[in-house]
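Bear in mind that the values in this text are calculations on the coordinates, not laboratory data. No experiment lies behind these values; they were computed from the predicted model shown. Note that we place each Cβ from the backbone using ideal geometry, even for glycine, and neighbour counts take in every protein chain shown.
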Amino acid sequence: MIDNPAYPSYQVFLAVAAAALITAVAMPFFIRMMRKDGIGQQIRADGPESHLVKQGTPTMGGVVMLVAVVVTVALIAKWTPDLILAVLAMLVTGSLGLLDDIESVAHKRSLGLTPSQKMVGLITISVVFCLAAVNWAGIDAVVRFPGGLAIDLGVLTTTFTVGGASIAVPWLYIFFVFLLMAGLSNAVNLTDGLDGLAGGCTMVVMAFMAMVALSCDDIDLAIFAASIAGACVGFIWHNCNPASIFMGDTGSLALGAALAALAVLTKTEFTSLIMGGLFVCEALSVIIQVVSFKTTGKRVFLMSPIHHHFEKLGWAETKVVTRFWIVSAVFAAVGFALYFQLG
């Protein structure tokens, strides 16, 4: 472990650089391997016609990103309970995404696992993570809002004794953490539809989450968030338009779960939704589109998620991505400002 207690923030910057370098250098080898094995992205048939040229582009680049994050964290951070939980949440959710990617490639279609299969996986991951966070890492089952408002979601808690150990099960908080983790995982996954979009937005949000963790005096979680931001930098080098590799569900689901885990462990569940507001908007656009079409037969957007709506309006892909990065940065800055209003 690299340690310098006099300047702990330097470790955060080192984590960004290390993860970016590992990802950028290792990715070309992964791309060649994917091309050699003929493993490529399947493009949805109802998507924008301009995306059809992306058919067959190597996918599952999230594997390299996750390896870069783990290696960086192992070299720089200390393995505290909080860090172990965050890394495991990211890796296990990434494994679920990997199964989804493999299923998609094997059947030559843009859809992988069924929604019910994904949901069972996300429920299991979020429940285990929440129980471990509360009983092992000592996280309070409380959600805090700007202005000092706090809601205790541990009021309905059942305690079980297993092998002489007491395990508290805060039912309301477990449900909340499931909504947070499943929601953010799927939101980042929905955002991953344009070259550089999900990676760039995640990079911005994770940079701010690293600052949140630093303000909580949790240097190890700050290194974790910074490592993800760095991995996104290295990934974008190969994923910018025209992309040579996609992160796949392996990356997008893992990044969303990592953000949710950081939110729980730093007690910023509410403000993290503001900082990740771009992801929330992407998910809401899909929900609005589906509800509107099923209830009225009309579509609110030309196409959802909302980044495709702007493509249909005639915006170039790079223009949509750049402007969405800017919007993501604004959301992250607002959320970071509100964070200091927590009681």
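Values for this structure:
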| item | result |
| --- | --- |
| Only Lys, Arg (+1) and Asp, Glu (-1) charged, at Cβ; region 9-339 dipole about Cα centre in debye | 680 debye |
| Global geometry of region 215-298, whether rounded, prolate or oblate, following the gyration tensor of its Cα atoms and the 1.5 cut on a/c | oblate |
| For LYS36, LYS267, order by how many other beta-carbon atoms lie within 10 Å, fewest first | LYS36, LYS267 |
| Efficiency of FRET between ALA168 and ILE84 - r from beta-carbon atoms, R0 30 angstrom, step 0.05 | 0.95 |
| For ASP249, ASP195, order by how many other beta-carbon atoms lie within 10 Å, fewest first | ASP195, ASP249 |
| FRET E, pair SER116, PHE340, Förster distance 41 Å, beta-carbon r, rounded to 0.05 | 0.50 |
| The chain - Kirkwood radius from inverse mean 1/r over Cα pairs (Å) | 20.3 Å |
| Mean separation of Cα contacts under 8 Å (6+ apart) over length of region 9-339, as relative contact order % | 26 percent |
| Calculated from backbone phi, Karplus (6.51, -1.76, 1.60) coupling profile of region 134-151 in Hz, x at Gly/Pro | 6, 8, 9, 8, x, 7, 6, 7, 10, 10, 9, 10, x, x, x, 5, 9, 10 |
| DSSP loop chymotrypsin sites (Phe, Trp or Tyr not before Pro) with at most 15 other Cβ within 10 Å: longest gap in the chain | 137-314 |
| Helix 219-239 axis, angle to the chain major axis (alpha carbon atoms, nearest 10°) | 0 degrees |
| Cβ-placed point charges (K, R +1; D, E -1), dipole of region 114-266 about Cα centre in debye, nearest 20 | 220 debye |
| Lysine pair count for region 9-339 [Cα-Cα under 24 Å; pairs on different chains or 8 or more apart] | 10 |
| Between region 227-244 and region 144-208, the Cα center-to-center distance that results, in Å | 25 Å |
